[in-house]
Amino acid sequence: MDTLKRVLREQKWFLLGLAVLLWVVFVNRFPAGHIIVGGDVLQPINLKEQLASFHYGWFSGRVSIFYSLFYVLDRLGVTDTGQLSWYLSVFVFGAYLSFTMFARQVFPRTPKWLTAVMALFYATNVYTLYVFTATWGFTNYQILYVFIPALTGSFIQALRSRKPGDSFPFFLIVSLASTSFGNPAFAVSLTIYFFLLTVLLFIFRIVTFDWDVAKRIAILIVGALLLNIYWILPLIPQARAGVDELSNSTVIVLSDTLAKTSNTIFDTMRLLTTYEHDTYYPYNFPFMSVAWARYIIEFLSFAPFFLVLSGLFIWKSGERKRLYFAFFTLFMVFIALVARVRFPFDSFNVFFFKLPGINALRGWDKLAIFTPFILSSLLLGFFSELFGKTWFRTAFAVFISVALLLSLPFYTGGIQTKMSYILATSKGKDFATAKYSALVKLPEPYYSVANILGSDPVENKVAMLPYSPGTSVGRVNLPKLQMNGPDPANALYTKKYVELNGAYFGNWSFADEFSEKAYDPQWITDLYGLLGVKYVFYHHDAKPSALESFEPARQYLEGKGILRPIKENEWFTLYDIDSQYVFPYVYAGPDVVTIDQNVAGLSTKIRDLHTHITALPYDRSGTMEINVPASGLGTDSFVYLNEKYDPLWHAEYVSPDGRRSLLERQDDVRYANAWKVGSVDPAGSIDIYSVPIRFLLVGEWLSGITFLGVIAGAVWVSKRKANG
Amino acid sequence: MEQNEKQFDAVLTFVSKRKIDMGIMFASIIFGMFLNWSVIGIAIFAVFIWSIIGPIPSRVLALPALFFLAFTPILLAMGRNAQAEEFSIYAYYFLVMAVVRGVVEVREEKTANREQ
């Protein structure tokens, strides 16, 4: 009891900060039954069924640590809406804890209440408001933000200390932080950040360079690489394919993106984005009754940087001055990087951002994510130096007031219901009455058809009709649901989804032509069948013009019995396509058949191909690996895998005595993956697998062993400490 | 009159004592003209060079930065965004100068501490 009292007394400021964040989570509860869908984001739902596809599919293991928590919550029966509060909690509590760790390691003599206030500022500021009033916060996407302070603190500690055991906290945080690289561009930006930080630590003589430090840096780099190797390895073949594509086709787009997302110096200083300026707080202002206050808050948004700037006048000498100058220099460099191709940084940055690897840093947030931490560190340094001096109280009172105003929506509630980016142009600022909302309530029938799809053991796919595209690639427009974002079918069902508004068959956006009246509409179901689509959601909640335009085609296809209704309600009709039109998951053909990305003649070619193929039996030996007995294959035939075209699918012939030989890919086939088999022994088999997943498995072993080593080392060090 | 002559003598003495520094300053101005920079650009570059060879303390260099930055929110409020950006660029230049001087100051301080 006494111990508890002592801990409560010693940690009262830290606990008070936690209580404030608890209020933030409480006051920002999300309306029951809603999920987040908007922009490029669909909140990961149904994780108890989807975690494996997250792990092995799109993210190749990179985000599994993060989503393990949500998997457990899903298993425990926490609703999708309830999980939204968990996303917010993980982020704000994580950022708070992480910054507290940093402050205690790097500025150890700072009063605890001051540390708590600065950690609160780091957790709730205009940047974190950007994260949660956009839809990014409800995914893994920005989670690196949480780890930056703890990584920085433990890194500085590891370099300053002469004890090898002081590297273990850094390694433990690196293990957790490895889940931040769902978008590997963040790994690139983190590398740049640490490179600059290390150089500045030496320049400002916070760490003295000698061979011992060089060795320690080498150990930290090798350890960090090994702990991250599980996602780096599968990325190597993917990056090679990505770099090829980049150098061939998207250079102009890169220049455009760099120009579009460039940031002014003054916006970086106050943590705002110049691009989409009016979409986020304080420019997107939710307090309509005091609309004039917006201008005051815009004005005040400069105050934290002014305080930092005035810090340049107060330092006399010492370690803290050197730290302050190091972080200030870092901020100056990041202002230049975040500005991208904007004057006066354009001539250097045009070259820099086109370097291989660096060209992944297209979005503003890839580098801007570090600026709130640098600013918060500078403020912490400033106030800890000013503490006890004449102007401290005034400066701190100004800061507290401004910090509160700049993060006010966190404390008043409504980050998505009133403040969402999608409501920026809505006069009422109310998600319930707005034309579109990022909070979407999916009607019950969307959930209930999962049983129908789940009960079909055949590997086939789901797609949608009519053509009702959203504002960008990968988004659909369902106004009746107030939704403009990814189709929820992506996450609700275990079957794969063929994007309506994206490139599945080469670069052909075939859905653009769904409403074209010049062709027999059967080409649509022929094409869907070729791609292995068995189920079609016909959205009655789509745009009225799209419904009207497609209605004759729907009636025609239904009348011919090609589209057969299974479930009908006011939101959608779930059709299945007559099986005779649907291509199997694995099949063999006597020839390799290329199909032009053109509607003219498409149906004839597909039907001709269909008459010449034979479905092949197969066993699934892994999530992205199958084994096909060679007995069903003729000499010189071709084997097809009905997955989206990806040159990283490989096929090997395994002879009866176990010898393996790689089959030749037929890259002219873009609607599936095909290989030439040659002559095979019927007793042999064909192994078809995804190359990145094989790399992932090797990487997981390496990272796993390293992690166990780190844990063992940490335990050993703590035992030695305990024994004196 | 005598006062003016005294001041003029002081300037001459200063210039004659720091001939090399004056040469560098002159060269920096010619360099800016050669690259076709604006007058303000050349002036800021000259201040930058002087901040190193002068030297000018970092806190003095931070003053013009504060001055230019103080106008930025006012210009933004007036809807003069281009001018606000221009002022913030000038502020940035002075901040970079302050940082460069800061590096020198910190390193000199550390060296002095070691010698003591």
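Structural remarks
- Matching residues in region A:254-274 - criterion: being part of a loop (DSSP other than H, G, I, E, B) and either β-branched (Val, Ile, Thr) or within 14 Å of another protein chain (Cβ to nearest Cβ) (or both): A:261, A:262, A:263, A:264, A:270, A:272, A:273, A:274
- Matching residues in region A:191-242 - criterion: being in a helix (DSSP H, G or I) and of a type in the set (Phe, Trp, Tyr): A:193, A:194, A:195, A:202, A:211, A:230, A:231
- Scanning region A:524-581 for residues that are of a type in the set (S, T, N, Q) and either more than 36 Å from the chain's Cα centre (by Cα) or assigned to a helix (DSSP H, G or I) (or both) yields A:525, A:545, A:549, A:555, A:579, A:580.
- For region A:473-509, a tally of residues being outside any loop (DSSP other than H, G, I, E, B) and within 21 Å of residue A:574 (Cα to Cα) returns 15.
- Subset of region A:171-216 that is within 22 Å of residue A:358 (Cβ to Cβ) and over 22 Å from the mean Cα position of the chain (by Cα) - its residue that is surrounded by the fewest Cβ atoms within 10 Å (Cβ to Cβ): A:195
- Some residue of region B:48-59 being more than 14 Å from chain A (Cβ to nearest Cβ), out of contact with any strand residue (DSSP E or B) (no Cβ under 9 Å at 6 or more places or on another chain) and at pLDDT below 80: yes
- Single residue of B:37, B:50 found to be surrounded by fewer than 17 Cβ atoms within 10 Å (Cβ to Cβ), out of contact with any Pro (no Cβ under 7 Å at 6 or more places or on another chain) and assigned to a helix (DSSP H, G or I): B:50
- Note on region A:280-301: among residues that are more than 30 Å from the chain's Cα centre (by Cα) and within 9 Å of chain B (Cβ to nearest Cβ), the one that is surrounded by the fewest Cβ atoms within 10 Å (Cβ to Cβ) is A:295.
- Residue in region A:358-375 that is basic (Lys, Arg), more than 26 Å from residue A:100 (Cα to Cα), without any contact (Cβ under 8 Å) to a residue 40 or more places away in the chain and surrounded by fewer than 22 Cβ atoms within 10 Å (Cβ to Cβ) present: no
- Segments classed as strands (runs of 3 or more DSSP E), wholly inside region A:620-724, with at least 1 members that are under 31 Å from the mean Cα position of the chain (by Cα): A:625-629, A:637-641, A:649-654, A:673-678, A:685-690
- Taken together, A:98, A:60 contain a single residue that is crowded, with 20+ Cβ neighbours inside 10 Å, part of a loop (DSSP other than H, G, I, E, B) and in contact (Cβ under 8 Å) with a residue 12 or more places away in the chain, which is A:60.
- Of all residues in region A:582-597 being touching a His at 6+ places or on another chain (Cβ under 9 Å) and part of a loop (DSSP other than H, G, I, E, B), the one that is nearest to residue A:608 (Cα to Cα): A:593
- Any chance residue B:99 is within 8 Å of another protein chain (Cβ to nearest Cβ), in a helix (DSSP H, G or I), closer than 27 Å to residue A:208 by Cβ and not polar (S, T, N, Q): yes
- A count restricted to region A:307-325 and to residues that are facing another protein chain (nearest Cβ under 9 Å), outside any loop (DSSP other than H, G, I, E, B), surrounded by 20 or more Cβ atoms within 10 Å (Cβ to Cβ) and of a type in the set (A, V, I, L, M, F, W, C) stands at 3.
- Those helices (runs of 4 or more DSSP H) of region A:331-405 in which 1 or more residues are under 25 Å from residue A:317 (Cβ atoms) and either in contact with a Pro (Cβ under 8 Å, 6 or more places away or on another chain) or within 13 Å of another protein chain (Cβ to nearest Cβ) (or both) occupy A:371-386.
- The set of residues in region A:133-164 that are assigned to a helix (DSSP H, G or I), hydroxyl-bearing (Ser, Thr, Tyr) and farther than 25 Å from residue A:47 by Cα comprises A:152, A:154.
- The residue list A:628, A:677 contains one member that is touching a residue at least 12 places away in the same chain (Cβ under 8 Å), closer than 25 Å to residue A:495 by Cβ and of a type in the set (A, V, I, L, M), which is A:628.
Residue-by-condition table, conditions (1) in a helix (DSSP H, G or I); (2) at pLDDT below 95:
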site	(1), (2)
A:94	yes, no
A:109	no, yes
A:116	yes, no
A:166	yes, yes
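Residue by residue, here is whether (1) at pLDDT 95 or above; (2) farther than 19 Å from residue A:695 by Cβ; (3) hydroxyl-bearing (Ser, Thr, Tyr) holds:
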position	(1), (2), (3)
A:179	no, no, yes
A:187	no, no, no
A:207	no, yes, no
A:230	no, no, yes
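- Failed item, numbered, when residue A:26 is tested on (1) in a loop (DSSP other than H, G, I, E, B); (2) surrounded by fewer than 14 Cβ atoms within 10 Å (Cβ to Cβ): (1)
- The residues of region A:562-604 that are among the β-branched types (Val, Ile, Thr) and free of Cβ contacts under 8 Å to residues at least 60 places away in the same chain, listed by number, are A:562, A:573, A:577, A:604.
The values are calculated or read from the model by the stated rules, or taken from the named source; none is laboratory data. Just so it is clear, the structure is predicted and the values come from calculations on it, not from any experiment. Every residue, glycine among them, receives a Cβ derived from its backbone with ideal geometry; neighbour counts consider all protein chains shown.
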